[in-house]
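Read-outs: derived from the displayed coordinates by stated rules, not from any lab. Because the structure is a prediction, the values reported are computed rather than measured. Heads up, the Cβs are rebuilt from the backbone with ideal geometry, glycines too, and the neighbour counts pull from every protein chain shown.
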Amino acid sequence: MTTISKRFDTLKQAEGYQNKLYEQYNSVQLIQAPTFSEEGLYIWRVDGRLNTMRAIKVTFDDGEELTTNINGTNEEIRKYYIGQWFNRGSGSEDKMTKAVSVEFLD
C-alpha cells in the first residue's frame with residue numbers, strides 16, 4: 001500500500017488527479033482533504049497498481065538503447081532487465097549485451 005500526497009488549489013483539480021489514480025490502481029482511497037477550503041493538501045492511499053503498458057528506455061553496456069513498452073511494476077521491470085544478458089544481434093550474428101539501466105518514460 002502506498003500513500004500519495006498532492007497540493008491543489010481547487011477540488012476540481014483534486015478530482016481530476018484522483019480520476020487518473022483510478023486508471024493506475026485497483027484501490028484508491030482519499031484519506032485526507034482540506035477542511036475549510038478547497039485549497040490544500042490531498043492524500044490518497046493506493047494499492048494494486050494495474051498492469052498497464054509502461055514506456056521505458058533500456059540502456060545496455062555497449063551504450064545502445066532500446067525504447068519499448070512493457071507491463072509490470074517498476075520493480076518487476078527493473079528485475080527483468082538490469083543485469084540480464086540479451087542477444088541484440090540479427091540473423092546469424094550474435095551480439096550479447098547486458099542491460100545496465102531502465103528509464104521510465106511515462
Quiz item: Applying the Karplus parametrisation 6.51 cos²θ - 1.76 cosθ + 1.60 with θ = phi - 60° to the phi angles of region 67-84, what ³J(HN,Hα) value in whole Hz is obtained for each residue in order, glycine and proline being reported as x?
Solution: 9, 8, 10, 8, 7, x, 7, 3, 4, 4, 5, 4, 4, 5, 9, 4, x, 9
Quiz prompt | Loop-located chymotrypsin sites (Phe, Trp or Tyr not before Pro) in region 4-74 whose Cβ has at most 14 other Cβ within 10 Å (DSSP) | solution = 36
Quiz item: Taking neighbour counts of Cβ atoms within 10 Å as a proxy for exposure, in what order, fewest first, do 59, 2 appear?
Solution: 2, 59
Quiz item: How large is the charge dipole for region 22-68, taken about the Cα centre, if only the Cβ atoms of Lys, Arg (+1) and Asp, Glu (-1) carry charge, to the nearest 20 debye?
Solution: 280 debye
Quiz prompt | Dipole of the chain, positive end: most advanced residue of 104, 8, 90 [Cβ charges, Cα centre] | solution = 8
Self-check item: FRET E, pair residue 30, residue 71, Förster distance 30 Å, beta-carbon r, rounded to 0.05
Solution: 0.65
Quiz item: Can you give the net charge of the other residues whose Cβ lies under 15 Å from the Cβ of residue 71, counting K and R as +1 and D and E as -1?
Solution: 0
Quiz item: Sorted from fewest to most neighbouring beta carbons within 10 Å, what does the list 43, 56 look like?
Solution: 43, 56
Exercise. Mind listing the long-range amide H neighbours of residue 88? Cut-off is under 5 Å, sequence gap 5 or more, other chains count too, H placed in the peptide plane at 1.01 Å from N.
Key: 95, 96, 97
Practice problem: Treating cross-link reach as a plain straight distance, find the aspartates and glutamates whose alpha-carbon is under 17 Å from the alpha-carbon of residue 95, omitting any fewer than eight places away in the same chain. | Solution: 61, 62, 64, 65
Practice problem: Sequence neighbours fewer than 8 away in the same chain don't count; with that in mind, list the lysines whose C-alpha is under 29 Å from residue 20. | Solution: 6, 12, 57, 79
Quiz item: Cβ under 11 Å from residue 40's Cβ, residue 40 left aside: what net charge do those residues give with Lys, Arg +1 and Asp, Glu -1?
Solution: -1
